[in-house]
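Worksheet for the structure shown next.
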Amino acid sequence: MQNTTRGWINGFIGVAIFAGSLPATRVAVADFEPTFLTCARATIAALLGALLLIILRQPRPAKRELASLAITALGVVVGFPLLTALALQHVTSAHSIVFVGLLPLCTAGFAVLRGGERPRPLFWVFSLIGAGLVAGYAWLAGGAGSALGDALMVAAVVVCGLGYAEGARLSRTLGGWQVISWALLLALPLMLLLTLLTFPAAQALAKVSAPAWFSLGYVSLFSMLLGFVFWYRGLVQGGIAAVGQLQLVQPFLGLALAALLLHEQVSWMMLMVTLGAVVCVVGAKRYAR
């Protein structure tokens, strides 16, 4: 199997894992305060990542790599989880999920700026069409929104795209799962402190539902750690800008999960836009290099 094909397979597994993040976060913020949720998920994932680094005896990153790890941590450990948790207090799960379709443009843009990639012009055409389809769907059928919620989601997408591209660039030398593990560990002192400071009172903790606890576990283990193991590996193997286009499919995988878990309606419009997004992914893949 060619390395590029492996990259697309690993990338899709990562996207499938990430697709459950926003529905799970939506469930979790019903019982957990957003800051606590963000810090707790990062703390749990950091401890698991540290355990992996110790067991597998991974070397420490070089000093020159610390700045890139800090950028990665800012984007995917702190920025995206916190901003989406705040946004989900103002918009529905369906409305927030479709914004994720704008991630490929951000990831590709930062890949050009930070990763040195130069995709062909038709790559950008397919990317813009795909992003336009997703943005149009968000406007027509995304559900009730708010200016603040939308602004928070846009900010979340931008910082996440930066974190994806920077982490993937660093993965070329440091390794995929090592990057997210070291980024989590770098943010651990602050995340642990904030977790303790925002820890719910005993009375509030007793009222937390089982789905909220399950959702906290999902975003901690899968969204924050395991998803990145596959995602960064896929970006390195298949190219950041190219495999990054798989994010166009992520909103619709997430909406399918939202329909299953949160009982939201799946419309024909969603299915048609999903098909269009897949066509754009195929086209972008063809002209990515």
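The values are calculated or read from the model by the stated rules, or taken from the named source; none is laboratory data. If you're wondering where the values come from, they're calculated on a predicted model, not measured in any experiment. Cβ placement follows ideal geometry from the backbone for every residue including glycine, while neighbour counts extend to all protein chains displayed.
A few points about this structure:
- Within the range 245-272, residues that are modelled with pLDDT of 75 or more reach partners that are outside any helix (DSSP H, G or I) and β-branched (Val, Ile, Thr) with beta carbons closer than 6 Å, at six or more positions or on different chains, in the pairs 259/266.
- Residue in the range 204-214 that is touching a Leu at 6+ places or on another chain (Cβ under 8 Å) and on the phi < 0 side of the Ramachandran plot present: no
- Meets criteria (surrounded by fewer than 20 Cβ atoms within 10 Å (Cβ to Cβ), of a type in the set (Gly, Ala, Ser) and within 26 Å of residue 282 (Cβ to Cβ)) for residue 130: no
- Residue 94 vs. criteria over 23 Å from residue 174 (Cα atoms) and either in contact with an Asp or Glu (Cβ under 9 Å, 6 or more places away or on another chain) or among the small types (Gly, Ala, Ser) (or both): yes
- Some residue of the range 103-124 being modelled with pLDDT of 90 or more, hydroxyl-bearing (Ser, Thr, Tyr) and crowded, with 22+ Cβ neighbours inside 10 Å: no
- Yes/no for residue 42 being in contact (Cβ under 8 Å) with a residue 24 or more places away in the chain, under 25 Å from residue 202 (Cα atoms) and more than 16 Å from the chain's Cα centre (by Cα): no
- As a summary of the residue check, residue 273 satisfies the conditions (1) buried (at least 22 other Cβ atoms within 10 Å of the Cβ); (2) under 19 Å from residue 44 (Cα atoms); (3) more than 20 Å from the chain's Cα centre (by Cα); (4) not small (Gly, Ala, Ser) except for the one numbered (2).
Quick grid of which residues meet (1) among the aromatic types (Phe, Trp, Tyr); (2) touching a Leu at 6+ places or on another chain (Cβ under 9 Å); (3) assigned to a helix (DSSP H, G or I):
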residue: 220; (1), (2), (3): no, yes, yes
residue: 230; (1), (2), (3): yes, no, yes
residue: 254; (1), (2), (3): no, yes, yes
residue: 277; (1), (2), (3): no, yes, yes
residue: 282; (1), (2), (3): no, no, yes
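Listed here are the residues, each with its yes/no results for (1) of a type outside the set (D, E, K, R); (2) without any contact (Cβ under 8 Å) to a residue 24 or more places away in the chain; (3) more than 26 Å from residue 29 (Cα to Cα).
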| residue | (1), (2), (3) |
| --- | --- |
| 49 | yes, no, no |
| 52 | yes, no, yes |
| 55 | yes, yes, yes |
| 65 | no, no, yes |
| 90 | yes, no, no |
| 95 | yes, no, no |
| 128 | yes, yes, yes |
